[in-house]
Amino acid sequence: MARVDRTTLLRPAPHLELALHQPERGYRFNADSIHLVHFAATGRAVDALCDLGAGCGVIGLSLLALGAAKRGTFVELDAEQAARCERNLRENGLAGDVVHADVEGLDATAPCGLVVCNPPYFAPDEGRPSPDPDRTRARFGGIERFTSAAARACGPRGRACFVYPAGTSMRLLAALRGSGLEPKRMRWIHPRAEAPARLLLVEARAGRPGGLVVESPRIEEL
């Protein structure tokens, strides 16, 4: 059964507003995606970006609206989410294409300057699956599939930006290196100034180890 959609108004910057369709119930984007938007928007604008596991497209669409890229490719396995992403792309007047496919089958013959990904946070055998199948697909899966796809999509000169839970961040870092991507920029996200980090934001590129910049942490509750 098709899910009922709800329109969410999102402001990736004070002067910008996006109307995004997402399911009223089930998996919906959250603050983690918005943290990744602002992290990935830092740096020189590129011609093309790729949003892996795009969902309704919140990350890539926000970056297009911010001028971080001229055009986007949105890769999403779930048919309903891919349709929402295409609708959001069209109704917000942004340029790009939606690819209804698994990231493992991504054809990256034309590398993108920027790849972004908010991947599943849990391994397939880790934790308790949700009764909602959409939530389960979004939260459970091997991270290596996404880092390998990112390495193919960004090529030798692009950059790949990920968000991942701080407590299992070594899993992401190991997967990036295993895919030939070296972390070059990091930022920790803390819920409060005195609290341990909740998330890690990472920018990685093809290349040798070294040159890592750790930015000042971001505090969610000021």
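The values are calculated or read from the model by the stated rules, or taken from the named source; none is laboratory data. Worth saying up front: this structure is predicted, and the values here are computed from it rather than measured. Positions of Cβ are generated from backbone atoms using ideal geometry, with glycine treated the same way; all protein chains shown enter the neighbour counts.
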Selection within region 84-113 - over 17 Å from the mean Cα position of the chain (by Cα) and under 13 Å from Gly53 (Cα atoms): Gly105
Those residues of region 211-222 which are part of a loop (DSSP other than H, G, I, E, B) and either of a type in the set (S, T, N, Q) or surrounded by 10 or more Cβ atoms within 10 Å (Cβ to Cβ) (or both), in sequence order: Gly211, Leu212, Glu215, Ser216, Pro217, Glu220
Hits in region 194-210 (condition: in contact with a strand residue (DSSP E or B) (Cβ under 8 Å, 6 or more places away or on another chain), at pLDDT 95 or above and either surrounded by fewer than 13 Cβ atoms within 10 Å (Cβ to Cβ) or outside any strand (DSSP E or B) (or both)): Pro196, Ala197, Arg198
Near pairs, Cβ below 6 angstrom, 6+ apart or cross-chain, from region 85-96 (without any contact (Cβ under 8 Å) to a residue 40 or more places away in the chain) to any residue that is β-branched (Val, Ile, Thr): Cys85/Val98; Glu86/Val98
Any hit, region 27-36, residues being surrounded by 13 or more Cβ atoms within 10 Å (Cβ to Cβ), within 22 Å of Ser148 (Cβ to Cβ) and hydroxyl-bearing (Ser, Thr, Tyr): yes
Among residues of region 163-189, those that are within 18 Å of Ala108 (Cα to Cα) and either outside any strand (DSSP E or B) or under 15 Å from the mean Cα position of the chain (by Cα) (or both), counted: 3
Yes/no for Leu20 being surrounded by 14 or more Cβ atoms within 10 Å (Cβ to Cβ), in contact (Cβ under 8 Å) with a residue 60 or more places away in the chain and assigned to a strand (DSSP E or B): yes
Residues being part of a helix (DSSP H, G or I) and not β-branched (Val, Ile, Thr) - total across region 73-123: 15
Qualifying positions in region 40-72 - surrounded by fewer than 23 Cβ atoms within 10 Å (Cβ to Cβ), outside any loop (DSSP other than H, G, I, E, B) and not aliphatic (A, V, I, L, M): Asp47, Lys70, Arg71
